[in-house]
Protein chains: 4
Amino acid sequence: MKKNKPKYNQIIEAAVEVIAENGYHASQVSKIAKKAGVADGTIYLYFKNKEDILISVFEEKMGQFIAHITEAIENKNNADEKLFELIKLHFRQLSEDHHLAIVTQLELRQSNPSLRLQINNVLKPYLNVIDSIIKEGMQEEIFRNSLNVRLVRQMIFGTLDETVTNWVMKDRKYNLVEQATEVHTLLTEGLHSK
Amino acid sequence: MKKNKPKYNQIIEAAVEVIAENGYHASQVSKIAKKAGVADGTIYLYFKNKEDILISVFEEKMGQFIAHITEAIENKNNADEKLFELIKLHFRQLSEDHHLAIVTQLELRQSNPSLRLQINNVLKPYLNVIDSIIKEGMQEEIFRNSLNVRLVRQMIFGTLDETVTNWVMKDRKYNLVEQATEVHTLLTEGLHSK
Amino acid sequence: MKKNKPKYNQIIEAAVEVIAENGYHASQVSKIAKKAGVADGTIYLYFKNKEDILISVFEEKMGQFIAHITEAIENKNNADEKLFELIKLHFRQLSEDHHLAIVTQLELRQSNPSLRLQINNVLKPYLNVIDSIIKEGMQEEIFRNSLNVRLVRQMIFGTLDETVTNWVMKDRKYNLVEQATEVHTLLTEGLHSK
Amino acid sequence: MKKNKPKYNQIIEAAVEVIAENGYHASQVSKIAKKAGVADGTIYLYFKNKEDILISVFEEKMGQFIAHITEAIENKNNADEKLFELIKLHFRQLSEDHHLAIVTQLELRQSNPSLRLQINNVLKPYLNVIDSIIKEGMQEEIFRNSLNVRLVRQMIFGTLDETVTNWVMKDRKYNLVEQATEVHTLLTEGLHSK
DNA sequence: GATGAATGAGCATTCATTCAT
DNA sequence: CATGAATGAATGCTCATTCAT
C-alpha cells in the first residue's frame, strides 16, 4: 500500500502548502516535488498524474475531517446536539488549518468539472452524515417530519460552505467558531419570529 | 458606448455558449470569436483580454438577473413575499438559461482568486438585495429582530447556490422551480418542529 | 506630387518623433497616424507600407542633410577645408536635431537587411560627396596620390558614424561639434608622430 | 557549468547559422531548436529567453574573437605592429566565418537599444585592447603624444567596422584581409601627403 | 480624398509527463 | 526505487493592412 510510505505523505503535505501559498494554477508539479524533497519523476511513482495528487489531497484531508466529526457526534444524545457539534467541528477544523481552508474553499474549486465530480464523491460520506442527522431528527420528532432530506442537506451544507468561504475571503479576520451557535439557531429556528 | 454595439453582445453570447459547452479551460479566444462570427482580433476591440470577457459575461448576465429580481420584488407587500419571489426568480432564471447556469455554477468558479474578487463585486448588489429583505423583515417583525444579517444572507445565498449547483451537477434532471416553496419554508421556519 | 501635400510632411515629422521617442519596434503605424493627426488608413494614401514611411523619412532628412553639406563645401578652397567643413556639418546637423540623431544612429539600424539596402542607396550621394573630396585632395596633391578611395571613404564615414553613435549612446553628454577639429587632424595626419 | 554541456554549444552554433541564413526577425526559436537537434523546450533549459540566445551567441563568439587577438598581439614588439596585427586578425576572423560576419555586422544591429547596451558590454574588452595599443604607442613615441584616446579608438573601430560591413554588404566579393596593410597605413599616416 | 472598424496570420514560452541511467 | 534532463503540444495577443462608407 503506497499510502503508508513516507514519501506519499510528504507529497500530500507539500501539495497542500504549495497550493495554499501559490494558488492552484501556479502550483507546478516541480514546485510540489521540490517542497516534498523528491525528484519530479518520483511524484509519478505515487500518483497517476497531477489531478490524482489533488484528489488524493482532498481524500486524505477530507477523510480525517469526516472521521473526526463522525466520531465526535456519536456520543451526542440527539439530532440537535449532533447538528451543533457538526457545525462547530466543521468550523473549528478549517479554522485550525488555514492552508487546508484556502485549498478547499478557493483553490480546489478552480479545477475542471470532471475533477469536481470526483471531489463530490469524496464529499459524499460527509453529506451522508448530514443526511443521517436529519433523519434521526425527524424520528426523534425534534425536527419536523415532513422535511425533504436532500433540500435540508443542501441548506445545511450550503450555509456552512458559504460561511467558511466568506470567512476565508475576508482573510479570516474574525472568529469562525464563534458563529456556530448562531448558525445552528438559524438553521433550526428559521427566520420567522414566533 | 461599446456595450450598445452589436458585436459586443454577439461576443458575450458566444462566450456563454462556448464556455458552457466546452468548459472554461477549453474555451480558446479563437473559438469564441468563431462562434461570434468575428475575427480573433475583433475580440480585443471590445475586451481588454480573455479574463475581461469572463467578467463582462458575468456583469451583463448578473446585471439582468439582479435587475429582474429587484423589479419583481418591489411590488411585494412584505419581506416574506419578497424572499419567496427572490427564491423563485433565482431558480427560474437559471432554469430558463441552462447555459448561463452551467457557466455561473461551475465554470466561473474555476477562475483565479483575483478574478473571483471581481466577480464578488458584481455579486454585491444581489447580496445587498438579500440584506435589505432581511432588514425589512426585522422591521416588519415578520423575522426575528435579533438576526445577524451577514449570517442570514450567507444562509440564504449559500442554500440557493448549493441547490442550483446540485441541480446542474445532476444534469438538471428535476424541476428546480418547484423546490422554491420548500426552500422558502425551510429558511423561514427552520428544522425544529413546533 | 504627393510630397508637396501637407499631410505627407505631417506624417514624416510625426514618424521621426514617434520613432525617436518610442524606439523602432514600439512605433506602430497607428501611433504615427495619431501624432500626425490623421486616420490610420490615410497613411496608406501617402505611403506604400510601413517600411516605405521609414525609407521616406530617411530620404527626406538625408536629402536635406546632404544638400546642406554640398552647398557649404562648394565655397571652400581645397579638399582639406572641404573635409573639415563636412565633418563639422555632419556633427552639427545631428547635434541640432537629436530626434533625427537617435533615429539615424540607433533606431533605423534595427530595420531588416532589405530595408538597410535601400537606406544605403539614400546614403550613396553622401558617400559620393566624400569620394569627390578625396579625389580632389589627391589632384591638389594635398592628399597622398596613392589613396584607395573606397577605403578612405570607409575610414572617414566609419569614423564619423562611430563618433556620432557613441555620442548618442552616451546620451549626448558632451559637445559633439567641438570634436570636429581633432577628428579632422586624426584623419589627415594619422597616428604616427613625425 | 552549463556552458560545458554539449547542447549549449549545439544551440549557439545553430543560432548563428539560422540567424545568418534567415535574418534576425525570421529566426524563430523553433527553427533554432530544430537545427540544433533539440526540442523547443530544451532551449529554455539553457537560455532565459530568445534575447538571451542572441547575447550568448555574441558573448561566446566575441570572447573567442578577443582572446585570439589579445594573445596574438602579446608577442608583437610595438604599438605599430600590434595595431597591424589587430587589423589583420579582425579582418581574418570575420573572413573565415562568414555566418558570424553576417550576424555581427548586420543582424545583431537590429536588436533593440536595451539589447544593444548588453552587446556593448561584451564589446568593451575589445575596445580596451584598442585603447591600450594607443596608449602604448604614445609611450613608445611611435604615436603622437597628444592623442585623444577615445576619438582615436572610435576612428580605428569605426574604420574597421565600416570596412567589414561594406564587405559583407557587397556579398564578400573581394578579399578583406588584403586590405589590412592599406587600412593600417591610412590610420597611421593619415591622408596628407608629406 | 479620408476614415477607422475589422481582419487574421504569426510566435515565444510553459509545464505535465517520460524514460534512460 | 529514485532521478532530473528532455520533451513538444498548445494558445493569447499584436498590429500592419484593407475597404465599405
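The values are calculated or read from the model by the stated rules, or taken from the named source; none is laboratory data. Predicted model only: the values in this text are computed from it and were never measured. Using ideal geometry, Cβ is built from the backbone for each residue, glycine included, and neighbour counts are taken over all protein chains shown. Quick note on the areas: whole protein, heavy atoms, side chains included, nothing else; ligands and nucleic acids left out. Shrake-Rupley method; radii C 1.70, N 1.55, O 1.52, S 1.80 Å.
For this structure, a couple of remarks:
- Segment C:96-153 - residue that is small (Gly, Ala, Ser) and out of contact with any Leu (no Cβ under 9 Å at 6 or more places or on another chain) and, of those, farthest from D:Lys170 (Cα to Cα): C:Ser146
- Selected residue [more than 8 Å from DNA strand E (Cβ to nearest atom), of a type in the set (Phe, Trp, Tyr), open to solvent by less than 40 Å² (accessible area, probe 1.4 Å) and assigned by TED's automatic domain parsing to the domain that holds A:Val183] from A:Phe84, A:Phe58: A:Phe58
- D:Leu108 being surrounded by 15 or more Cβ atoms within 10 Å (Cβ to Cβ), at pLDDT 90 or above and within 15 Å of the chain's Cα centre (by Cα): no
- From D:Ile130, D:Ile134, D:Ile142, residue being over 18 Å from C:Leu147 (Cβ atoms), more than 15 Å from the chain's Cα centre (by Cα), more than 7 Å from chain C (Cβ to nearest Cβ) and surrounded by 15 or more Cβ atoms within 10 Å (Cβ to Cβ): D:Ile134
The rows are residues; the columns are (1) open to solvent by less than 60 Å² (accessible area, probe 1.4 Å); (2) more than 14 Å from chain D (Cβ to nearest Cβ); (3) under 23 Å from the mean Cα position of the chain (by Cα).
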residue: C:Lys5; (1), (2), (3): no, yes, no
residue: C:Ile11; (1), (2), (3): yes, yes, yes
residue: C:Ala15; (1), (2), (3): yes, yes, yes
residue: C:Ala33; (1), (2), (3): yes, yes, no
residue: C:Gly41; (1), (2), (3): yes, yes, no
residue: C:Thr70; (1), (2), (3): yes, yes, yes
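- Given (1) without any contact (Cβ under 8 Å) to a residue 40 or more places away in the chain; (2) of a type in the set (Asp, Glu); (3) more than 26 Å from A:Asp171 (Cα to Cα), index of the condition A:Glu85 fails: (3)
- Going through (1) more than 11 Å from every other protein chain (Cβ to nearest Cβ); (2) modelled with pLDDT of 90 or more; (3) open to solvent by 50 Å² or more (accessible area, probe 1.4 Å) one by one, C:Asp171 falls short only on (2).
- Flag for B:Thr104 being away from DNA strand E (no atom under 16 Å from the Cβ), hydroxyl-bearing (Ser, Thr, Tyr) and either in contact with a Gly (Cβ under 6 Å, 6 or more places away or on another chain) or closer than 30 Å to A:Ala20 by Cβ (or both): yes
- Extreme residue, farthest from the other protein chains (Cβ to nearest Cβ), among residues of segment C:18-31 that are more than 10 Å from DNA strand E (Cβ to nearest atom) and open to solvent by less than 30 Å² (accessible area, probe 1.4 Å): C:Val18
- Test for A:Asn78: is it surrounded by fewer than 18 Cβ atoms within 10 Å (Cβ to Cβ), of a type outside the set (Gly, Ala, Ser), in contact with an Asp or Glu (Cβ under 9 Å, 6 or more places away or on another chain) and not assigned by TED's automatic domain parsing to the domain that holds A:Asn128: no
- In the set (1) within 8 Å of DNA strand E (Cβ to nearest atom); (2) away from chain C (no Cβ under 14 Å); (3) open to solvent by less than 40 Å² (accessible area, probe 1.4 Å), the condition left unmet by D:Phe65 is number (1).
- A:Lys50 vs. criteria within 14 Å of chain B (Cβ to nearest Cβ), open to solvent by 40 Å² or more (accessible area, probe 1.4 Å) and either within 16 Å of DNA strand F (Cβ to nearest atom) or over 22 Å from the mean Cα position of the chain (by Cα) (or both): yes
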